[in-house]
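I have placed the structure first, in the form of structure tokens, so that the comments after it can refer back to it.
Throughout, read-outs are computed from the coordinates displayed, never taken from laboratory work. The shown structure was predicted, so the numbers you read here are calculated from the model rather than taken from an experiment. Here Cβ is always computed from backbone atoms with ideal geometry, including for glycine, and neighbour counts include all displayed protein chains.
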Amino acid sequence: MSLTSDPGLATAPSASCLLCGTPGDPFRSGLEDRLFGVPGAWSLRRCAECGLAWLDPQPLEAEMGKAYRRYYTHADEDPVDRAGPRVSYPHRKLRRLYRWVLRKLGVMSARDRLLGMFLGGVPPGTLLEVGCGNGLRLGQLARDGWQVTGQDVDPSAAEHALARHGVSVRVGPLADLGLPPATFDCILMNHVVEHLHDPVAVLRECHRLLKSGGRLVVITPNMASLGQALFGADWRGLEPPRHIHIFSPTSLLSLARLSGFATVEAFSSVAHAELFASQSLDLQRQGTVIMGAEPAWAVEWRAMAFQIREAWAQRTAPEVGEEAVLIARRD
Ligand SMILES: [Zn+2]
């Protein structure tokens, strides 16, 4: 454990892969927090065996509050569709043509599946969302018949979830909540696992909390994506220092097996390629992303082109989607 010269976050070295134990190769350096301005320059290592990437050195867990001071979980904005209603007729026409192409490429159904957390056809039961933020999704799932419980470390997100969506959220780290074993039919983690210092411990706790036959669904930025390869240090999925580990379908499989799950599948999704590209292009062009703002037209059409390109590429390279998805069952 050591203090860096930077007054921001205290860090500790982390040279080996959490999943394989092998030393990682230096992958990127000099990365900065260009979303919320947390001070520090960050480096990533990558495992040659499983493809996992991680921060080395890593900010200490006790320091992470500083990295989330200006975070946005309690806001209710839907970050998915940045292209709101436009006035210009050619623009609307182009968007309509674009949506038609996306339907033909299966992107619209990929978006439906992902936004539904891959629960289509699963009979409602008891459900826990780990890192539920503002509770918007849990409110929707409750209306679909699920008996929902939320977990989050942010008390203001929990207040918002109750006031706005009528959802009760337990505040604190999952392992500290004292939840009884075999409680849930389903556990969801949407863009949470990349923020964890010890994802194996958290997935083991999920395994303990699931009923026999229960399912865990994890969605996270995909290190094996086309966006990561193309945008490099500007790729939106990196988000240092809040993203500690960056997974791929392959590394999600080994994470799940290490955590006690025997029945596992992992794949990539191209659902949000446009959003990832749009925000990566913002980082490339202006060094930050203005949340909730509509992208410049030049960014928008390039993001649309990227969405089509990635959906097309996935036909022959299944791992290129911007997000990696894990579905694991407790036997
Ligand atoms: Zn590894």
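Odds and ends about this structure:
- Relative to one another, the C-alpha centroids of the stretch 216-231 and the stretch 255-331 are positioned 5 Å apart.
- Label-point separation, Ala262 to Ala313 (7 Å along Cα→Cβ), nm: 3.8 nm
- Percent antiparallel among DSSP beta bridges (both partners in the chain, rounded to 5): 60 percent
- Cysteines in the chain lacking a second Cys C-beta under 4.7 Å: Cys50, Cys132, Cys186, Cys206
- Fully extending the segment from Glu63 to Ala305 would add 83.2 nm, taking 0.36 nm per residue of separation and subtracting the current Cα-Cα distance.
- Positive minus negative residues near Met189 (Lys, Arg vs Asp, Glu; Cβ under 12 Å): -2
- For the pair the stretch 34-52 / the stretch 93-119, the C-alpha centres are spaced 31 Å from each other.
- Converting the Cα gyration tensor eigenvalues of the stretch 150-261 into ellipsoid dimensions via √(5λ) gives semi-axes, longest first, of 26, 20, 12 Å.
- Of the residues Ala142, Ser168, Val153, the one whose Cα sits farthest toward the positive end of the charge dipole of the stretch 122-172, with +1 on the Cβ of Lys and Arg and -1 on the Cβ of Asp and Glu, is Ala142.
- Once both labels are positioned 7 Å from their Cα atoms along Cα-to-Cβ, the gap between Ala298 and Ala48 label points is 4.1 nm.
- Remark: relative contact order (the chain) = 18 percent; criterion is Cα-Cα distance under 8 angstrom and separation of 6 or more residues.
- Descending semi-axes in whole angstrom, ellipsoid equivalent of the stretch 106-184, from the Cα gyration tensor: 23, 15, 12
- FRET efficiency for the Val122 to Leu162 pair, using the beta carbon distance and R₀ = 22 Å, is estimated at 0.30.
- Contour minus Cα-Cα distance for Ser29 and Val200 (0.36 nm per residue): 59.0 nm
- Computed lengthening from Arg113 to Gln140, 0.36 nm per intervening residue step minus Cα-Cα distance: 8.3 nm
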